[in-house]
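To start, the structure itself, in structure tokens.
Just so it is clear, none of the values below were taken in a lab; they were calculated from the coordinates. Remember, predicted model here, so these are calculated numbers, not experimental data. Every residue, glycine among them, receives a Cβ derived from its backbone with ideal geometry; neighbour counts consider all protein chains shown.
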Amino acid sequence: MSPDRYLRTFDILKLLAERGTPLRLTEIKQALDLPVSSLHNMLQTMVTAEVVILDDDLRYAVGPRAVSLALRTVQSLDVRTLARRPLQELAREIGDDVYLGVRIGQRVLYADRVLGTQRVSLDIRLGQPLMLHATATGKLLAAHDPQLSAKALAGKLPKSTPHTITNPQQLQKEYDHILAQGFAKSDQESYEGVVGYAVPIRGGTQKVEAAVHVSVLAGRATKAHERALLAAARTCAAQIEKLLGNEVSVAAFER
């Protein structure tokens, strides 16, 4: 395979990962301006290698081997190792599923997960790109990053449930609201019957680098549980920041 062909393979993977939804051959061609014959041959090779998958609707998506490689990269990050114990303590305290959300380049994904006693039956793969307009972690990190928010507002906003925000103006208001209240909430916007919450983890420069995410069954998402959950999640985030060498009080999250 020529060097140019290798580079185009990475371009295809990057496109599929950033879009977050499966794409048809014609859509990939239009986005990358590649000849159909060459593109088709490359995609066939990538499907054979399980780097890309082809679904029943003849659309291409990131495959299991690429996801596995991304996850191994994520697992090497210090934040995942340091955050593990606080995440476990949070899951034990509140009983809900807890995730560590991180940003890698222009993608947001879950790097770790701790299941609670009230498990949410969702097939969420670690390392899979998250929607920036529908998930709590995606919205939180996009709200705090102009590049991510611009990407979300300029792109398609697919509707996952009847509650998903699909209007760019409404999404911008949501980002502004997240910045004002200090946390993000996805009220059945990504999955029916599931409410997600995300609070920020700040780096040494006070920039939001990651998130503590909690998934709650909609029937448990009462105002009282929400208050208790957010307080515990903020404490968890502060503990992770301290382990990362960033001394930030819980009150900082309430700005």
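What to note about this one:
- Surrounding net charge for G101, when Lys and Arg each add one and Asp and Glu each subtract one, Cβ distance under 12 Å: +3
- As a length-normalised measure over Cα pairs under 8 Å and 6 or more apart, the relative contact order of the range 3-62 settles at 37 percent.
- Alpha-carbon centroid distance for the pair the range 14-71 / the range 194-220, whole angstrom: 30
- Across the chain, the longest run free of exposed loop sites, meaning GluC sites (Glu not before Pro) lying outside DSSP classes H, G, I, E and B with no more than 14 other Cβ atoms within 10 Å, spans 51-191.
- Computed from point charges on the beta carbon alone (+1 for Lys and Arg, -1 for Asp and Glu), the dipole magnitude for the chain about its Cα centre is near 220 Debye.
- The Kirkwood hydrodynamic radius of the range 3-62, based on inverse pair distances between different Cα atoms, is 11.2 Å.
- Percentage relative contact order, the chain, counting C-alpha pairs under 8 Å, at least six apart: 15
- Total lysine pairs under 15 Å (Cα atoms) in the chain, excluding pairs fewer than 8 apart on one chain: 10
- The ellipsoid equivalent to the alpha-carbon distribution of the range 85-142 has semi-axes of 21, 12, 10 angstrom, derived from the gyration tensor eigenvalues as √(5λ) and listed largest first.
- Legend: ranking of residues Y99, Y60 from fewest to most surrounding C-beta atoms inside 10 Å; resulting order Y60, Y99.
- Neighbour counts of other Cβ atoms within 10 Å put I240, I201, I104 in the fewest-to-most order I104, I240, I201.
- Counting neighbouring beta carbons within 10 Å and listing from fewest to most, the residues K223, K156 come out as K223, K156.
- In the chain, helical runs assigned H by DSSP with n ≥ 4 each contribute -39500 (n - 2.57); averaged across all residues and rounded to the nearest 500, the mean residue ellipticity at 222 nm is -15000 deg cm²/dmol.
- For a label point 7 Å along the Cα-to-beta-carbon line of T21, residues of the range 48-62 with backbone N under 20 Å: 53-62
- Scaling the Cα radius of gyration of the chain by the globular reference 2.2 N^0.38 Å produces a ratio of 1.04.
- Counted charge near K156, where neighbours are those whose Cβ lies closer than 12 Å (Asp, Glu -1; Lys, Arg +1): +1
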